[in-house]
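Have a look at the structure below before the remarks.
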Amino acid sequence: DIGGRLGYNVGIGGTIVEDWLYAYDKLVKPFEPSTILIYLGGNNINNMGHTGKYVRSLMEQLLNKIHADFPTAKIYYIYSMAVPNCYKNYKFNTEYGAFIDEMKTLVENTDWLSGIDTFDALTQDGEARKDLYRPDGIHLNEDGYKLFAEIINAAVFNK
């Protein structure tokens, strides 16, 4: 759900930032986008064991590449979610939380990049809202995706 606008979802589940650095020219660039939403990096931490600082450096490469190709495009980075497997008792696991902090700093220091934060909507009383996730503790369920879409539409399309 992208606000009833024409768009392309080129996301591929399970990918890491390096996959997009490699595939960018074929999967993103041909569309000549005017608005770009990126939700990426968590798999680098959880599946690859990378540090938050390292993943931020990869994201910075990708985002700079996108901005260089599409300098007038609106670019939004969606911060990694507070998923049950990574957020408990008011704390993120170390590198996942460090990555989110790194990306918030990057967004704050980059005038052409906007951040979208789902944290408040997906947490309650120091825990990730398990009612919004599938039993795997990582992926949103139908209610979670509905809320996620509402957050994105509000931030990007003022809907």
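The values are calculated or read from the model by the stated rules, or taken from the named source; none is laboratory data. No experiment lies behind these values; they were computed from the predicted model shown. Heads up, the Cβs are rebuilt from the backbone with ideal geometry, glycines too, and the neighbour counts pull from every protein chain shown. All accessible areas refer to the heavy atoms of the entire protein, side chains included, with ligands and DNA or RNA removed. Shrake-Rupley method; radii C 1.70, N 1.55, O 1.52, S 1.80 Å.
Taking Cα atoms, how many degrees apart are the long axis of helix 94-108 and the longest axis of the chain, rounded to 10 and kept between 0 and 90?
The answer is roughly 40 degrees.
Given charges of +1 on the Cβ of Lys and Arg and -1 on the Cβ of Asp and Glu, with all other atoms neutral, how large is the dipole of region 52-159 about its Cα centre, in debye to the nearest 20? Please report the intermediate quantities before stating the final value.
Working: 12 positive and 16 negative charges, 26 e Å.
Charge dipole of region 52-159: 120 debye, to the nearest 20.
Rounded to the nearest 0.05, what FRET efficiency do residue 149 and residue 34 have when you use their Cβ-Cβ distance and R0 = 22 Å?
0.65
Report relative contact order for region 1-109 in percent, whole number only (criteria: Cα-Cα under 8 Å, sequence separation at least 6). Before the final figure, lay out each step's value.
Numbers: 96 pairs, mean separation 33.6, N = 109.
Worked out over region 1-109, it gives 31 percent.
As a quick test, which of the pairs 26/104; 74/130; 26/91 have an alpha carbon distance above 30 angstrom in this structure? Don't skip to the end; give the middle numbers.
Numbers: 26/104 28 Å; 74/130 32 Å; 26/91 38 Å.
As for pairs spanning more than 30 Å Cα to Cα, those are 74/130; 26/91.
With the dipole of the chain worked out from charges on the C-beta (+1 for Lys and Arg, -1 for Asp and Glu) around the Cα centre, which of 155, 7, 84 lies farthest toward the positive end?
Ranked along the dipole, the leading option is 7.
Taking the Cα atoms of region 80-137 alone, what are Rg (to one decimal) and Dmax (as a whole number) in Å?
When restricted to the Cα atoms of region 80-137, Rg and Dmax are 12.4, 38 Å.
Between residue 101 and residue 8, what's the calculated FRET efficiency when r is the beta-carbon distance and R0 is 30 Å? Round to 0.05. Could you put the intermediate results ahead of the total?
Working: r = 30 Å, r/R0 = 1.01.
Given R0 = 30 Å and the Cβ-Cβ separation, E is 0.50.
Cα axis of helix 17-27 to longest principal axis of the chain: angle in degrees, 0 to 90, nearest 10?
40
Could you work out which residue, out of 40, 27, 58, moves most in a Gaussian network model of the chain, that is, has the largest mean-square fluctuation with Cα springs under 10 Å?
27
Give the carbon-plus-sulfur fraction of the accessible surface of region 31-106 in %, rounded to a whole number; probe 1.4 Å, heavy atoms of protein chains only.
C and S fraction of accessible area: 49 percent.
For the chain, with every protein chain kept in place, what is the accessible area per residue (1.4 Å probe, Å²)?
57
In nm, what is the difference between 0.36 nm times the number of residues separating residue 121 and residue 67 and their Cα-Cα distance? Before the final figure, lay out each step's value.
Details: separation 54, 0.36 × 54 = 19.44 nm, distance 2.89 nm.
Once the chain is fully extended between residue 121 and residue 67, it gains 16.6 nm.
May I ask for log10 I(q)/I(0) of the chain at q = 0.14, 0.19 Å⁻¹, from a Debye sum over the Cα atoms as equal point scatterers with solvent left out?
-0.71, -1.37
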